[in-house]
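Novice: Shown below is the structure under consideration.
Each value in this text was obtained by applying a stated rule to the coordinates, not by laboratory testing. Predicted model, so just to flag it, every value in this text is computed and none were measured. Glycine also receives a Cβ, built like all others from the backbone with ideal geometry; neighbour counts cover every protein chain displayed.
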Amino acid sequence: MNKRDFFLVTAAVMMMTVGLNSCKNDEIDPVITITLQPTETTNTTEGNISGSLTVAASVTRKGTMLTYQWYSNTTNSNTSGTEIGGATTTSYDIPTNLAARTYYYFCEVRALGAESKRSSVATVNVVPQLDMYEPNDVITQATPVAVGTKITASLHNKDDIDFYKFVDLSKENVWDVYEVKLGNNTTDMSPAINFYDASQIEIEGLGVIADKGEDITKQFFMKSGTTNAQYLKVYTIFPFTTMPAYYTLEVVKKNLNEASEPNDTWNTAQAITTEGTYQGTIIKKVSGSNPADYDVDFVRVTVPANKNFKYKISGSNIKYDDYYPTSSETEVPRVWDYDNDPYGGYWTFYSAAYTQYFYLAFKATVDLAQWQIEVQFPD
Ligand SMILES: [Ca+2]
Ligand SMILES: [Ca+2]
């Protein structure tokens with residue numbers, strides 16, 4: 001063997017050795033393949049979380065034990081991440097106590113002598129619980145709430161809008177003062193409310209925006225009865241971090257209007273049959289020409305035969321109409337329609353040989369005006 005041959009043989013042996021070694025390594029090192037990726041996206045509701053994530057894997061060498069380690073991550077990525085203690089089987093139960101937000105998980109499959117493999121990322125969206133009044137995101141879906149009933153609801157995210165419809169069924173067509181109370185149980189929510197009339201038109205100037213954690217108390221006027229319901233929108237103009245943001249909502253009646261209501265027409269007038277002083281409150285001032293838009297209080301004074309009717313009207317910001325006396329309750333009274341302020345003195349209508357009926361209608365130029373009539377039946 002000359003020098004050149006020796007080198008060739010040596011090179012061949014070295015190449016064979018290298019070749020044999022790589023063949024041998026391919027057989028020995030197990031290779032992991034993930035055959036089932038965890039579900040890509042899981043949507044589940046806070047407080048009612050269920051579900052699990054599962055992987056399956058195979059390995060090239062028989063008898064090689066696979067182990068599993070689940071990770072959580074703060075981003076949609078399977079690099080880095082945090083090992084979840086005890087999560088070491090092929091499936092991982094989504095924790096049932098997660099707060100509402102998005103979570104990322106993946107699984108690393110390992111085997112002795114093998115390169116570990118990571119699954120794709122499983123995204124778990126934990127959405128806040130909707131309140132029991134949803135859907136009420138538009139005014140036509142407004143949830144009816146009876147006056148006097150306190151409810152607890154929530155904005156399940158910063159874009160949630162909750163509409164309510166307030167109805168007072170205690171009487172028909174009686175004006176009164178109501179107060180809406182929005183209790184803000186979630187401290188980083190800045191609640192806001194807007195009011196809408198029975199025609200679902202926003203009432204200008206009545207809405208309120210509160211600071212974070214502040215309650216809202218707001219008075220408004222409303223007529224009782226199903227057709228006079230008013231609407232309220234609860235929302236936030238600022239984002240909040242704690243989802244859902246809970247609140248309590250209640251509408252209470254101030255009961256300023258009197259037992260004689262409804263008395264807004266002459267044929268529902270409050271009956272006055274004895275001497276005395278009678279009072280009332282005009283809840284809503286005259287606005288526009290439609291009597292349905294303001295409060296009127298009618299009284300009907302029954303004057304006995306052969307008695308005069310002496311009266312005095314008082315009160316601030318009160319107007320009244322006199323109705324011509326009639327001899328019959330069934331006769332439609334003719335309105336004088338003075339629409340005057342009270343005169344301040346006594347007025348007397350003279351007696352007749354029959355029972356007379358006098359109608360008076362009180363209105364006001366301001367909200368919440370008090371009227372008073374002093375009634376005497378002198379000879
Ligand atoms: Ca809601
Ligand atoms: Ca009235």
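Novice: At a threshold of 8 angstrom on Cα-Cα distance, excluding pairs fewer than six apart, so keeping six or more, what relative contact order does the range 139-253 reach in percent?
Specialist: Working: 302 pairs, mean separation 50.8, N = 115.
RCO, the range 139-253: 44 percent.
Novice: Also, I was wondering about something else. From the phi of every residue in the range 297-302, what ³J(HN,Hα) in whole Hz does the Karplus formula 6.51 cos²θ - 1.76 cosθ + 1.60 yield, where θ is phi - 60° and glycine or proline is x?
Specialist: 10, 9, 10, 10, 9, 9
Novice: In the neighborhood of Leu182, defined by Cβ-to-Cβ distances under 15 Å, what is the net charge if each Lys or Arg adds +1 and each Asp or Glu adds -1? Numbers along the way, then the final one.
Specialist: Values: positive: Lys150, Lys181, Lys212, Lys218, Lys233; negative: Asp131, Asp160, Asp162, Glu179, Asp211, Glu214, Asp215, Glu250.
Taking every other residue near Leu182 into account, the sum is -3.
Novice: Among 236-242, 95-101, 367-373, how do they line up from the highest to the lowest mean number of other beta-carbon atoms within 10 Å? Don't skip to the answer; put the middle values down first.
Specialist: On the way: 236-242: 14.3, 95-101: 12.7, 367-373: 18.9.
Going from most to least packed, we get 367-373, 236-242, 95-101.
Novice: A further question follows. In debye, nearest 20: dipole of the range 247-330 around its Cα centre with unit charges on the Cβ of K, R (+) and D, E (-)? Each step should come with its number before you reach the end.
Specialist: Values: 9 positive and 11 negative charges, 57 e Å.
With Lys and Arg at +1 and Asp and Glu at -1, about 280 debye.
Novice: Give me the count of lysine pairs in the range 139-253 whose alpha carbons sit under 19 angstrom apart, restricted to pairs 8 or more positions apart or on different chains.
Specialist: Final tally of qualifying lysine pairs is 25.
Novice: Quick check on the chain: of the DSSP beta bridges with both residues there, what percent are antiparallel, nearest 5%? Intermediate results must be reported in sequence, preceding the final value.
Specialist: Working: 90 of 102 bridges.
Antiparallel: roughly 90 percent of the beta bridges in the chain.
Novice: What is the dipole size for the chain, taken about its Cα centre, with +1 at each Lys and Arg Cβ and -1 at each Asp and Glu Cβ, in debye to the nearest 20? List each step's numbers first, then the result.
Specialist: Details: 29 positive and 45 negative charges, 315 e Å.
Dipole about the Cα centre, nearest 20: 1520 debye.
Novice: How much net charge surrounds Asp160 when only the other residues with a Cβ under 13 Å from the Cβ of Asp160 are counted, with Lys and Arg +1 and Asp and Glu -1? Don't skip to the end; give the middle numbers.
Specialist: Values: positive: Lys158, Lys233; negative: Asp131, Glu134, Asp137, Asp159, Asp162.
Around Asp160, the charge tally is -3.
Novice: Got the relative contact order for the chain handy, in percent, Cα pairs under 8 Å and 6 or more residues apart? Don't skip to the answer; put the middle values down first.
Specialist: On the way: 929 pairs, mean separation 47.1, N = 379.
The value is 12 percent.
Novice: Here's another thing I want to ask about it. Taking the Cβ of Ala57 as the centre, find all other residues whose Cβ is under 15 Å away and add up their charges (Lys, Arg: +1; Asp, Glu: -1). It would help to have the intermediate numbers written out before the result.
Specialist: Working: positive: Arg61, Lys62, Arg110, Lys117, Arg118; negative: Glu108, Glu115.
Counting the neighbours of Ala57, the net charge comes to +3.
Novice: Compute the helix-to-body angle for 3-28: its Cα long axis versus the longest principal axis of the chain, expressed 0 to 90° and rounded to tens.
Specialist: Around 40 degrees separate the two axes.
Novice: Treating only the Cβ of Lys, Arg, Asp and Glu as charged (+1, +1, -1, -1), what charge dipole size does the range 139-253 show about its Cα centre? Round to the nearest 20 debye. Before the final figure, lay out each step's value.
Specialist: Details: 10 positive and 15 negative charges, 45 e Å.
For the range 139-253, the charge dipole is close to 220 debye.
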